[in-house]
Amino acid sequence: MARVTGSVCRFCRRAGTKLYLKGDRCMSDKCAVAKRSYPPGQHGRRYVKETEYSVRLREKQKAKQIYGVLEKQFRNYYAKAAREKGVTGDNLLRMLECRLDNVVYRLGLVPARREARQMVTHGLFAVNGRRVDVPSYLVRQGDEVSLTAAGQRVFVAKLEAGQAIEGEVAPWLELNTKDIKATVKSLPTREEIPIDIKEQLIVEFYSK
């Protein structure tokens with residue numbers, strides 16, 4: 001996730017829904033959306049009429065914040081998705097889902113993408129036997145994601161501390177929990193991407 005120096009809870013409040021940026025905290029009573037369901041800022045409680053542009057912009061911002069990418073990165077993903085065959089919105093979400101940090105999150109190894117990004121950056125994961133420390137690395141069908149020696153030490157320590165791996169694994173991934181080794185069975189379809197995003201609004205935003 002792109003570096004954020006302030007609270008990320010304001011993103012959820014601005015979007016008006018939980019983006020699950022803080023993992024377990026988002027499921028507790030401490031969630032900012034549950035405590036303050038209005039937008040952040042001095043005029044957050046004031047009613048503001050939304051325009052078509054603001055609705056499309058809000059949807060684009062939601063997708064950026066969920067996957068933790070910067071504006072230039074996101075625009076590049078969209079440009080690449082538009083050049084590929086198929087539905088542009090589906091292509092965009094598929095690429096975002098195939099980022100290595102998101103794959104680690106979808107394997108249920110960590111409660112939030114922020115933590116997954118940190119682990120990848122620290123070199124705890126390898127793809128096809130090669131250490132990868134770039135969170136934006138795009139996995140392909142058939143790739144094998146495993147732990148490096150440093151990663152094994154970290155997860156052994158977690159298991160010894162009683163932090164069991166209990167997260168749900170995405171249907172397009174296969175995880176061997178004994179060795180903590182995963183295989184990308186296929187690229188995800190839109191039905192296999194459980195996020196509340198209206199990707200067509202993002203396409204309309206960039207098409208203007």
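Numerical summary
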item: Output for region 69-107, where each listed residue is in a helix (DSSP H, G or I) and aliphatic (A, V, I, L, M); result: ALA79, ALA81, ALA82, LEU92, LEU93, MET95, LEU96, LEU100, VAL103, VAL104
item: Scope region 108-117; condition surrounded by fewer than 23 Cβ atoms within 10 Å (Cβ to Cβ) and of a type in the set (A, V, I, L, M, F, W, C); matching residues; result: VAL110, ALA112
item: Test: ARG114 is modelled with pLDDT under 90, outside the structural domain of ALA63 (by TED's automatic domain parsing), basic (Lys, Arg) and touching a Gly at 6+ places or on another chain (Cβ under 9 Å); result: yes
item: One residue from VAL139, VAL103, VAL127, VAL134 being in contact (Cβ under 8 Å) with a residue 60 or more places away in the chain, among the β-branched types (Val, Ile, Thr) and assigned by TED's automatic domain parsing to the domain that holds LYS158; result: VAL103
item: Positions within region 123-174 being modelled with pLDDT of 95 or more and of a type in the set (Lys, Arg), in sequence order; result: ARG130, ARG131, ARG140
item: Sole exception among (1) crowded, with 16+ Cβ neighbours inside 10 Å; (2) modelled with pLDDT under 95 for VAL120, by number; result: (2)
item: Selection from region 60-80 of residues that are in contact with an Asp or Glu (Cβ under 8 Å, 6 or more places away or on another chain) and under 14 Å from GLU204 (Cβ atoms); result: ALA63
item: Condition check for LEU96: among the aliphatic types (A, V, I, L, M), in contact with a helix residue (DSSP H, G or I) (Cβ under 8 Å, 6 or more places away or on another chain), at pLDDT 95 or above and under 30 Å from GLU59 (Cβ atoms); result: yes
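The values are calculated or read from the model by the stated rules, or taken from the named source; none is laboratory data. The model shown is predicted, which means the values in this text are computed figures rather than measured ones. Positions of Cβ are backbone-derived with ideal geometry, glycine not excepted, and every protein chain shown enters the neighbour counts.
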